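Every number in this text was worked out from the coordinates using simple rules, so none of it is lab data. All values reported here derive from a predicted model rather than from experimental measurement. Cβ sites come from the backbone with ideal geometry, for glycine too, and all protein chains shown count toward neighbours.
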Amino acid sequence: MATTAKAASDFGHDAFKTTVDRSIAAFDGFASNSKLNMEAIADSAAAAAEGAQELSAQAAAYTKTALETHVAVAKKLAAAKSMQEALDIQTGYAKSAVEGYLAEVTRWSDAFTASFQRSVKPLNARFAAAAEQIAVR
């Protein structure tokens with residue numbers, strides 16, 4: 001009977017020790033993953049801020065160019081000798097302005113897409129790592 005009690009005691013002790021060791025390992029993994037997740041969020045925010053700066057610079061450059069073009073066309077219109085010449089200037093300007101705007105919107109769209117992809121890349125990596133850890137367990 002003493003042997004059975006000793007075996008049961010040893011079994012209980014081993015089971016408790018195994019459970020505690022697993023819990024400690026799980027908490028260590030949680031802490032490590034939390035740190036990696038925060039780093040991914042910081043990297044993502046930095047990439048998004050960089051993308052916003054790029055888009056802002058593009059918008060400022062386009063605005064400056066559009067304003068300069070608008071002023072030049074206004075001067076041409078003021079110097080027009082006839083209504084037909086003024087109409088031709090205005091028509092040419094309207095066509096080039098729309099084409100320029102559409103080209104710029106395409107550039108902005110491409111830049112936004114690239115910025116978004118860069119900013120979610122660190123988060124996607126963390127999701128993939130989490131999914132891999134779950135699959136292993």
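Could you check which residue among A78, A114, A31 shows the biggest mean-square fluctuation in a GNM of the chain with a 10 Å Cα cutoff?
A78
Which lysines have a Cα lying under 21 Å from the Cα of K76, excluding residues fewer than 8 positions away in the same chain?
Counting by Cα, and skipping residues close in sequence, K76 has these lysines nearby: K64, K95.
Treating only the Cβ of Lys, Arg, Asp and Glu as charged (+1, +1, -1, -1), what charge dipole size does segment 2-136 show about its Cα centre? Round to the nearest 20 debye.
Magnitude of the dipole: close to 260 debye.
K121: which lysines have alpha carbons under 23 Å from its alpha carbon, excluding same-chain residues fewer than 8 sequence positions away?
Of all the lysines, those that pass the test against K121 - Cα under 23 Å, at least 8 places apart if same chain - are K35.
When Rg/Rh (Cα atoms, Kirkwood Rh) is calculated directly from the model, which label among [x] 1.19; [y] 1.54; [z] 0.97 fits?
Comparing each candidate, only [y] matches the computed number.
For K6, list the aspartates and glutamates whose Cα falls under 15 Å from its own Cα; do not include residues on the same chain fewer than 8 positions away.
Those aspartates and glutamates meeting the cut-off are D14.
Kindly provide the helix-only [θ] at 222 nm of the chain, computed as the sum of -39,500 (n - 2.57) over DSSP H runs of four or more divided by all residues, to the nearest 500 deg cm²/dmol?
That comes out to -36500 deg cm²/dmol.
K76: net charge of surrounding residues, Cβ under 12 Å, Lys/Arg +1, Asp/Glu -1, itself excluded?
That sum, taken over residues with Cβ under 12 Å, equals 0.
If neighbour count is taken as other Cβ atoms inside 10 Å, put R107, R118, R22 in order from fewest to most.
In increasing order of surrounding Cβ atoms, one gets R22, R107, R118.
Relative to the longest principal axis of the chain, what angle (0 to 90°, nearest 10) does the C-alpha long axis of helix 2-78 take?
0 degrees
Expressed as an acute angle from 0 to 90° and rounded to the nearest 10, what is the orientation of the C-alpha long axis of helix 83-136 relative to the principal long axis of the chain?
For 83-136 against the chain, the angle is about 10 degrees.
So, R0 is 22 Å and r is the distance between the beta-carbons of Q58 and K95; what FRET efficiency does that work out to, to 0.05?
0.45
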